[in-house]
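Colleague: My questions all concern the structure below.
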Amino acid sequence: AQSVTQLDSHVSVSEGTPVLLRCNYSSSYSPSLFWYVQHPNKGLQLLLKYTSAATLVKGINGFEAEFKKSETSFHLTKPSAHMSDAAEYFCVVSDRGTYNTDKLIFGTGTRLQVFP
Amino acid sequence: ETGVTQTPRHLVMGMTNKKSLKCEQHLGHNAMYWYKQSAKKPLELMFVYNFKEQTENNSVPSRFSPECPNSSHLFLHLHTLQPEDSALYLCASSQERRPSGMNTGELFFGEGSRLTVL
């Protein structure tokens, strides 16, 4: 069965400094991996996804993530944090549900705080 | 806006009440989902409807009853809930492919209905 582990429940950075949100996955086959973001009082929004093409995936708002099979990791990075990046970030791995409906397995989330 | 609208945004109900949550998507998708988001816990998939057919019921108690009259609308009927059912209930939709093959995995979420059970 697939699973994801987000290694940090909270990450705090200063505006303008790099962001690193860590995620490790477990999968019995070649996974699809995603990062979703949830701003306060909002639903989740897809940031980026990896589906076995290029291992370095670029997403919206300057975020990117690198798929490393040898490390079973899919860490999310951004070179320079902005105040608007403060949100909850979820690492997600796909599982195969019934009737070919993907079942997404969500991590517990990492809350990113950005200080001025 | 994501194209997925949930109402009401906030709901307070007693344990003996009956209420419903509504979700509507304007994206032309053919699959809709209910998720439960509780503090300190991963997002929990509750139900999936694919082409109006329920394809997933993730061992959800019968006090939660979903209804999907068409591909654009999804309801969650609530009856005799418990305080531990207080949570944010998120609706999502996606475009699924048939008959087989990996889907995009991209879900479009509504902003959620915050439920408090007293």
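The values are calculated or read from the model by the stated rules, or taken from the named source; none is laboratory data. None of the values given here were measured: they were computed from a predicted structure. Every residue, glycine as well, gets a Cβ built from its backbone with ideal geometry; the counts of neighbours run over all protein chains shown.
Colleague: Take the residues of segment A:22-34 that are in a loop (DSSP other than H, G, I, E, B) and either under 12 Å from the mean Cα position of the chain (by Cα) or surrounded by fewer than 22 Cβ atoms within 10 Å (Cβ to Cβ) (or both): which is modelled with the highest pLDDT?
Modeller: First, pick out the residues of segment A:22-34 that are in a loop (DSSP other than H, G, I, E, B): A:22, A:27-32.
After this cut, where a residue has to be either under 12 Å from the mean Cα position of the chain (by Cα) or surrounded by fewer than 22 Cβ atoms within 10 Å (Cβ to Cβ) (or both) as well, the list is A:22, A:27-30, A:32.
Working: A:Arg22: 98, A:Ser27: 80, A:Ser28: 73, A:Tyr29: 74, A:Ser30: 75, A:Ser32: 84.
Checked segment A:22-34; the qualifying residue modelled with the highest pLDDT is A:Arg22.
Colleague: Determine which member of the set B:Ser38, B:Ser65, B:Ser94 is among the small types (Gly, Ala, Ser) and more than 13 Å from every other protein chain (Cβ to nearest Cβ). So that I can check it myself, show each step before the final result.
Modeller: Values: B:Ser38 fails: more than 13 Å from every other protein chain (Cβ to nearest Cβ); B:Ser94 fails: more than 13 Å from every other protein chain (Cβ to nearest Cβ).
From the options B:Ser38, B:Ser65, B:Ser94, the qualifying one is B:Ser65.
Colleague: So, one more: Output yes when any residue across segment B:65-81 is of a type in the set (Val, Ile, Thr) and at positive phi, and no when none is. Reasoning before the result, please.
Modeller: Quick first cut of segment B:65-81, residues of a type in the set (Val, Ile, Thr) only: B:80.
Among the residues that remain, those that are also at positive phi are: B:80.
Yes, the conditions are met somewhere in segment B:65-81.
Colleague: Any chance you could count how many residues in segment A:26-81 are touching an Asp or Glu at 6+ places or on another chain (Cβ under 8 Å) and on the phi > 0 side of the Ramachandran plot?
Modeller: 2
Colleague: Just the residues that are within 12 Å of another protein chain (Cβ to nearest Cβ), at pLDDT 95 or above and surrounded by fewer than 18 Cβ atoms within 10 Å (Cβ to Cβ), please, taken from segment A:89-116.
Modeller: Listed by number, the list holds a single entry, A:Arg111.
Colleague: Let me ask you something else. Restricting to segment B:38-58, name every residue that is among the polar types (S, T, N, Q), exposed (fewer than 15 other Cβ atoms within 10 Å of the Cβ) and more than 25 Å from B:Leu118 (Cβ to Cβ). Show your work before the answer.
Modeller: Of the residues in segment B:38-58, the ones among the polar types (S, T, N, Q) are B:38, B:50, B:54-55, B:57-58.
This time we only want the ones that are exposed (fewer than 15 other Cβ atoms within 10 Å of the Cβ), so: B:38, B:54, B:57-58.
Residues satisfying the conditions are B:Gln54, B:Asn57, B:Asn58.
Colleague: Name the residue, out of A:Val19, A:Val57, A:Val37, that is at pLDDT below 95 and of a type in the set (A, V, I, L, M, F, W, C).
Modeller: Values: A:Val19 fails: at pLDDT below 95; A:Val37 fails: at pLDDT below 95.
One residue alone meets the criteria, A:Val57.
Colleague: Taking B:Phe108 as the residue in question, decide whether it is of a type in the set (A, V, I, L, M, F, W, C), within 9 Å of chain A (Cβ to nearest Cβ) and surrounded by 19 or more Cβ atoms within 10 Å (Cβ to Cβ).
Modeller: yes
Colleague: When you check A:Phe74 against the structure, is it touching a Cys at 6+ places or on another chain (Cβ under 6 Å) and more than 13 Å from every other protein chain (Cβ to nearest Cβ), yes or no?
Modeller: On the way: touching a Cys at 6+ places or on another chain (Cβ under 6 Å): yes; more than 13 Å from every other protein chain (Cβ to nearest Cβ): yes.
Here the answer is yes, as A:Phe74 does meet what is asked.
Colleague: Here is a further query. Consider A:Ala81 against the criteria (1) assigned to a loop (DSSP other than H, G, I, E, B); (2) surrounded by fewer than 21 Cβ atoms within 10 Å (Cβ to Cβ): it satisfies all of them except one. Which criterion is unmet?
Modeller: (2)
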